[in-house]
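Here's the structure, in structure tokens; my notes come after.
The values are calculated or read from the model by the stated rules, or taken from the named source; none is laboratory data. All figures in this text were calculated on a predicted structure; none of them were measured in a lab. So basically every Cβ, Gly included, is an ideal-geometry build from the backbone, and we count neighbours across all protein chains shown.
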Amino acid sequence: MRSGVHRVVMAVSANMPIFEASVPCEVFGIDRSDIASPWYDFSIVALGEGRVALAGGFYLDAGSRTRRSQALAAADTLVVPACASVHDEQPADLVAAVRAAHERGSRLLSICSGAFVLAAAGVLDGRRATTHWMHAAELARRYPRVAVDPSVLYIDDGEVITSAGTAAALDACLHVVRIDHGASVAAELARRLVTPPHRDGGQCQYARTPLLPASLADDWLSELLAWIEAGLHRSLVTADMAQHAGVSPRTLERRFAATLGVSPLQWLLHQRVRRAQQLLETTDLPIDWIATACGFGTPASMRVHFARGVGVPPSAYRRTFHSRSDAAAPA
């Protein structure tokens, strides 16, 4: 718990998405002294000149340089919402503000692709961090000194907190409230926001990956992968796959590792989990049937592998993603 009024400052720059910027306003910017007093002293600093345009037609008055500098210098926590583009260089003034806040000992909280700003400031070097699963590979490529983990909703690495995309902003902000005011206050705030105080699982349950990599369109592996995917219900080992491909098991292992970055059995397990996700989303089939159809053998085996790969058990995944209008039992 922190004593005194905790100053939270959100730094925004041109073309930032509005949703990610709105979450800290809702959590920290509304006076909730009836559940914890004092509540936060929240302010927004728009970096730029004149009117700073955000995405969606919103504008913020940048104000004077002196006012901006004073507000940033007073921040106990500096929030950086999603950046305008993960492919462009991040605004120099925003990167400088993050670096200065970190050097002063301020807590940093990035939302979604805001992690790119923290990485550009060097704050994430040698740290474990996360971002939206769609941008995780780009973050790891551009900043190899950052240990990117795309599987979680947020990561608290001491005074540096990074969170995944969009809705995970609420998870991370509630985590900050939990640190500062305790679990009961965070739970009460979550009730007011009509959101769970803790969400089960991580980003894996939301990520979508292609069953067959597009780069394998003309590769000899493509036919083998299609054969495997068509028979996920079968009991397959590496030797079976190698025999079908007409190569030795060692050659198959080497080619999978070089092309897909995983072993044949790891790829097979991933496809089984993906198929189970599809059936849980679109059918009312019992889990034991799905376990057999996807090659897990038993419901217990499916639960273990599914929870490890997705982050939540099959029953919880179905409750979240099942579509009644699409549900049907396939032939």
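Is it fair to say Pro196 is modelled with pLDDT under 85, surrounded by 13 or more Cβ atoms within 10 Å (Cβ to Cβ) and in a loop (DSSP other than H, G, I, E, B)?
Taking the combined requirement at face value, the residue satisfies it.
When every residue of region 139-156 is checked against the conditions, at least one turns out to be buried (at least 22 other Cβ atoms within 10 Å of the Cβ), more than 25 Å from Asp180 (Cα to Cα) and under 11 Å from the mean Cα position of the chain (by Cα).
Among the residues of region 24-51, just one is buried (at least 19 other Cβ atoms within 10 Å of the Cβ), among the β-branched types (Val, Ile, Thr) and modelled with pLDDT of 95 or more, namely Val27.
Restricting attention to region 97-117, does a residue exist that is in the same structural domain as Ile155 (by TED's automatic domain parsing), of a type in the set (S, T, N, Q), free of Cβ contacts under 8 Å to residues at least 24 places away in the same chain and within 24 Å of Trp39 (Cα to Cα)?
Within region 97-117, the first condition is being in the same structural domain as Ile155 (by TED's automatic domain parsing), and the residues that meet it are 97-117.
Remaining after also requiring of a type in the set (S, T, N, Q): 106, 110, 113.
Restricting the remaining residues to those that are free of Cβ contacts under 8 Å to residues at least 24 places away in the same chain gives none.
Among the residues of region 97-117, not one is in the same structural domain as Ile155 (by TED's automatic domain parsing), of a type in the set (S, T, N, Q), free of Cβ contacts under 8 Å to residues at least 24 places away in the same chain and within 24 Å of Trp39 (Cα to Cα), which makes the answer no.
Could you please let me know if Trp133 is at pLDDT 85 or above and closer than 30 Å to Ala245 by Cβ? The answer is no for Trp133.
Assess whether Ala276 counts as being surrounded by fewer than 16 Cβ atoms within 10 Å (Cβ to Cβ) and assigned to a helix (DSSP H, G or I).
Working: surrounded by fewer than 16 Cβ atoms within 10 Å (Cβ to Cβ): no; assigned to a helix (DSSP H, G or I): yes.
When the stated conditions are applied, Ala276 does not pass them.
In region 232-255, the residue that is farthest from the chain's Cα centre (by Cα) out of those that are surrounded by 13 or more Cβ atoms within 10 Å (Cβ to Cβ) and closer than 16 Å to Arg272 by Cβ is Asp240.
Restricted to region 16-70, the set of strands (runs of 3 or more DSSP E) holding at least 2 residues that are farther than 20 Å from Ser85 by Cα comprises 41-46.
Quick one: count up the residues across region 100-131 that are surrounded by fewer than 22 Cβ atoms within 10 Å (Cβ to Cβ), part of a helix (DSSP H, G or I) and more than 20 Å from the chain's Cα centre (by Cα). Going through region 100-131 one residue at a time, the tally reaches 4.
Criterion first (modelled with pLDDT of 90 or more, part of a strand (DSSP E or B), outside the structural domain of Ala307 (by TED's automatic domain parsing) and more than 19 Å from Asp31 (Cα to Cα)) does Leu139 satisfy it? When the stated conditions are applied, Leu139 does not pass them. Cβ-Cβ contacts under 6 Å between residues 6 or more apart (or on different chains), taken from a first residue in region 301-324 that is more than 14 Å from Leu279 (Cβ to Cβ) to a second residue that is at pLDDT below 80 and not in a loop (DSSP other than H, G, I, E, B), are listed as Gly311/Cys204; Gly311/Gln205; Val312/Gln205.
If you go through region 205-216 one residue at a time, do you hit one that is β-branched (Val, Ile, Thr), loosely packed, with under 13 Cβ neighbours inside 10 Å, in a loop (DSSP other than H, G, I, E, B) and modelled with pLDDT under 80? Within region 205-216, one or more residues are β-branched (Val, Ile, Thr), loosely packed, with under 13 Cβ neighbours inside 10 Å, in a loop (DSSP other than H, G, I, E, B) and modelled with pLDDT under 80.
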